[in-house]
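Notes for the one structure printed next.
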Amino acid sequence: MTESCNIAAAVPRLAAEAPDRIAMRYPGRDGRYADALTYGQLDHRSDAIAAGLARRGIGRGSRTVVMVRPTPEFFLLMFALFKAGAVPVLVDPGIDKRALKQCLDEAGADAFIGIPLAMFARSLLGWAKSARVRITTGRRALLADATLAQVEREGAEAGPQLTDTGPDEMAGILFTSGSTGVPKGVVYRHRHFMAQVEMLGGAFGIGAGGVDLPTFPPFALFDPALGLTSIIPDMDPTRPAQASPVKLHASIERFGVDQLFGSPALMRVLAEYGRPLPSLRRVTSAGAPVPAEVVARMHELLPADANFWTPYGATECLPVSVIEGRELIALRERNRQGAGTCVGRPVPPNEVRIIRVRDEAIPDWSDDLVVEGDLIGEITVAGPTATDAYWNRDEQTRLAKIREVLPDGSERIVHRMGDLGYFDAEGRLWFCGRKSHRVVSAEAGTLCTEQVEPVFDTHPEVRRTALVGVGTAPAQRPVLCVELQPGVAAAERARIASELRHIGEGFVHTAHVQTVLFHPGFPVDIRHNAKIGREKLAVWAEQRLRRAPAGDGVTQEDAR
């Protein structure tokens, strides 16, 4: 008998093989890891919740908003929903409240399950008005029809629950972070989740029995399917840059964690803390390019035989490609000279191709779209994890998806990543920046963020830079926004701006970046605390330049 095309199918299989193996450990309110869930408990309790949900009308195809923190209830609930064939709807709670309401309205949810605070916000702000079933994780059913504990009791005697879902059935709606626009609901089918498990396991050599510290909760859902034990970190997952390295190290040491997943912001926290991580054998970081100096420092803290992987991808398609830290470090000088960020080689069986840069929709694939050699174009990917639609966003779907007819007459979807890049002579993929972030100038031509910013980031007093365009393409003014290292005096800004211009003059593609503005702290995305909000910076830069003297790159106002 074949296993169901459902990520939750791994849970009863592992429960049968090793019922007492720890599936996850989690911190209590005092930060102590006093409790755990075995695979047997995860299977039995998620069965009970799935059955209880079905009694309340949440079953196959029911779109269900989940606003629950990364506690045992979150993981039990998610696997229960998968078992029931329901469709979890996940939205970052930290995004702009207007955007959050829009996402929940677009989802047209049948049910809403949340912590008490989310239930209160739903009632007060009118979130997910279409939801006819409301369940809270709280102890009392305030503003809800029932508590999750009550739902679990109602299904306790029902026995095994696993809907035989098909590969093309909708498995979830995962909203993007909205870091480059309004968040969009990515439609995941069961085959997409299954392919992600297989490709991630293969790309990183993950085998059953390992101990993982997944600091981004959605990735913890893959752990049971891979036979891992999850140690849920004692941190706010929406603020990885503020995670306590002391607490992270304590968890790693106590439970013998041998693999870690985190955003670049979290990796910087560990790198700057500087304490060795002797038990780790596999570290994975995604969400944004990881600075080479962070990778280098992490490798110094890891055992000699450990790997630091940085997969490239997006909510719409993950993983696309992957590179190991040692290779990334070896290419650091090319990055500093404006080559972009190397994101490695495509993960089989993905087919990654570079096409000419176009902003309009491309309905059908044609081989003459592909650019030859090492020319920069838009990155596209066709493969088993490439999603095919956004929920209730037909126009965005048309802009991001291309229909390709294969030689045998079958069809597949090619996803446009919205990223610019190229392949080098060794077959490695290089990321040059978001297509929407490119700056098109009359003098400088097309400038890509990931080719410009690393050149200026070499200045020792600069923490990071962000290239934005002021005005309308193809006559934009390139502006370099600068965030300085802590402690650098405001009086030094004019000198630093002059030195940055001098650095830029050493390269053809940065020579025309003459306007320098200093910003107190870049806006970043809520999900990974790593993607710079360049759209907001562009508005800020335009406002500053309106007040600046003509041709002056640094103003007194900017220095304050």
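Give ARG139, ARG122, ARG191 a once-over and let me know the one that is more than 30 Å from GLY313 (Cβ to Cβ) and open to solvent by 60 Å² or more (accessible area, probe 1.4 Å).
Step by step, each of ARG139, ARG122, ARG191 is checked, and only ARG139 is more than 30 Å from GLY313 (Cβ to Cβ) and open to solvent by 60 Å² or more (accessible area, probe 1.4 Å).
Anything in region 371-415 that is out of contact with any Gly (no Cβ under 8 Å at 6 or more places or on another chain), in a loop (DSSP other than H, G, I, E, B) and charged (D, E, K, R)? List them, or say none.
Hits for region 371-415 are GLU372, ASP374, ASP388, ASP408.
I'd like to verify a number: residues in region 1-60 that are touching a strand residue (DSSP E or B) at 6+ places or on another chain (Cβ under 7 Å), within 28 Å of ALA243 (Cβ to Cβ) and not charged (D, E, K, R), how many?
Pass one, region 1-60, residues touching a strand residue (DSSP E or B) at 6+ places or on another chain (Cβ under 7 Å): 19-26, 28, 33, 35-39, 42, 56-58.
After this cut, where a residue has to be within 28 Å of ALA243 (Cβ to Cβ) as well, the list is 21-26, 28, 33, 35-39, 42.
Filter once more, so that each one left must be not charged (D, E, K, R): 22-24, 26, 28, 33, 36-39, 42.
Here the count works out to 11.
Just to be sure before I move on: is ARG25 open to solvent by 40 Å² or more (accessible area, probe 1.4 Å), at pLDDT below 95 and in a loop (DSSP other than H, G, I, E, B) in the structure I sent?
For ARG25, the condition - open to solvent by 40 Å² or more (accessible area, probe 1.4 Å), at pLDDT below 95 and in a loop (DSSP other than H, G, I, E, B) - is not met.
Please determine, by comparing only the residues of region 352-370 that are part of a loop (DSSP other than H, G, I, E, B) and not aliphatic (A, V, I, L, M), which one is nearest to ASN307 (Cα to Cα).
Among those residues, the one meeting the criterion is ARG356.
Would you pick out the residues in region 93-149 that are acidic (Asp, Glu) and touching a residue at least 60 places away in the same chain (Cβ under 8 Å)? Break it down stepwise before answering.
The initial filter retains those residues of region 93-149 that are acidic (Asp, Glu), namely 96, 105-106, 110, 145.
Within region 93-149, ASP96, GLU106, ASP145 qualify.
Pull out all pairs, ordered by first then second residue, where Cβ-Cβ is under 7 Å, the residues are six or more apart or on different chains, the first lies in region 188-210 and is over 22 Å from PHE175 (Cα atoms), and the second is part of a helix (DSSP H, G or I).
As it stands, the answer is GLY201/LEU226; ILE206/LEU200; ILE206/LEU226; ALA208/LEU226, since those pairs meet every condition given.
Listed residues ALA15, ALA36; which is in contact (Cβ under 8 Å) with a residue 12 or more places away in the chain, in contact with a Phe, Trp or Tyr (Cβ under 8 Å, 6 or more places away or on another chain), closer than 25 Å to TYR188 by Cβ and not basic (Lys, Arg)?
ALA15
Please find, within region 125-136, the residue that is most open to solvent (accessible area, probe 1.4 Å) out of those that are of a type outside the set (Val, Ile, Thr) and not in a loop (DSSP other than H, G, I, E, B).
LEU125
Within region 426-445, restricting attention to residues that are out of contact with any Ser or Thr (no Cβ under 8 Å at 6 or more places or on another chain) and at pLDDT 95 or above, which residue is surrounded by the fewest Cβ atoms within 10 Å (Cβ to Cβ)?
The residue in question is GLU426.
What tally of residues in region 416-449 results from selecting those that are in a helix (DSSP H, G or I) and farther than 23 Å from THR385 by Cβ?
The qualifying residues number 2.
One residue is enough: does region 239-253 have a residue meeting the conditions closer than 29 Å to THR387 by Cβ, open to solvent by less than 10 Å² (accessible area, probe 1.4 Å) and modelled with pLDDT under 95?
yes
If you check every pair at least six apart or on different chains, which have Cβ atoms under 9 Å apart with a residue in region 257-279 that is farther than 15 Å from PHE216 by Cα and open to solvent by less than 10 Å² (accessible area, probe 1.4 Å) first and a residue that is in a loop (DSSP other than H, G, I, E, B) and of a type in the set (Gly, Ala, Ser) second?
Here the result reads VAL257/GLY210; VAL257/SER279; LEU270/ALA243; LEU277/ALA306, each pair linking region 257-279 to a residue that is in a loop (DSSP other than H, G, I, E, B) and of a type in the set (Gly, Ala, Ser).
From the set of residues in region 142-155 that are open to solvent by less than 40 Å² (accessible area, probe 1.4 Å) and among the aliphatic types (A, V, I, L, M), which is farthest from SER46 (Cα to Cα)?
Top of the filtered list is ALA144.
Within region 197-211, which residues are open to solvent by less than 30 Å² (accessible area, probe 1.4 Å) and in contact with a helix residue (DSSP H, G or I) (Cβ under 7 Å, 6 or more places away or on another chain)?
Result: VAL197, LEU200, GLY201, VAL211.
Of the residues that make up region 57-71, is at least one over 19 Å from THR315 (Cα atoms) and either among the acidic types (Asp, Glu) or part of a helix (DSSP H, G or I) (or both)?
No - not one qualifying residue is present in region 57-71.
Pick from region 296-351 the residues that are part of a strand (DSSP E or B) and of a type in the set (D, E, K, R): which of them is most open to solvent (accessible area, probe 1.4 Å)?
That would be ARG345.
Being at pLDDT 95 or above, open to solvent by 60 Å² or more (accessible area, probe 1.4 Å) and charged (D, E, K, R) narrows it down to one residue among GLU535, GLU505; which is it?
On the way: GLU535 fails: at pLDDT 95 or above.
Going through GLU535, GLU505 in turn, the sole match is GLU505.
Looking at (1) in contact with a strand residue (DSSP E or B) (Cβ under 9 Å, 6 or more places away or on another chain); (2) within 26 Å of ASP394 (Cα to Cα), which one does GLN102 not meet, given that it meets all the others?
(1)
Results for (1) open to solvent by less than 30 Å² (accessible area, probe 1.4 Å); (2) among the polar types (S, T, N, Q); (3) modelled with pLDDT under 90, shown as yes or no for each residue.
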site	(1), (2), (3)
ILE49	yes, no, no
ARG55	no, no, no
ARG60	no, no, no
ARG63	no, no, no
MET67	yes, no, no
THR71	no, yes, yes
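When the residues of region 352-376 are narrowed to those that are closer than 20 Å to SER410 by Cα and under 24 Å from the mean Cα position of the chain (by Cα), which ends up surrounded by the most Cβ atoms within 10 Å (Cβ to Cβ)?
By that ranking, first place goes to VAL352.
Among the listed residues THR465, THR472, identify the single one that is open to solvent by 10 Å² or more (accessible area, probe 1.4 Å) and among the polar types (S, T, N, Q).
Checking each option against the conditions leaves just THR472.
The values are calculated or read from the model by the stated rules, or taken from the named source; none is laboratory data. Model, not experiment: these values are computed from the prediction. No Cβ is skipped: glycine too gets one built from the backbone with ideal geometry, and neighbour counts run over all protein chains shown. The accessibility values were calculated without ligands, DNA or RNA, using every heavy atom of the protein model including side chains. Shrake-Rupley method; radii C 1.70, N 1.55, O 1.52, S 1.80 Å.
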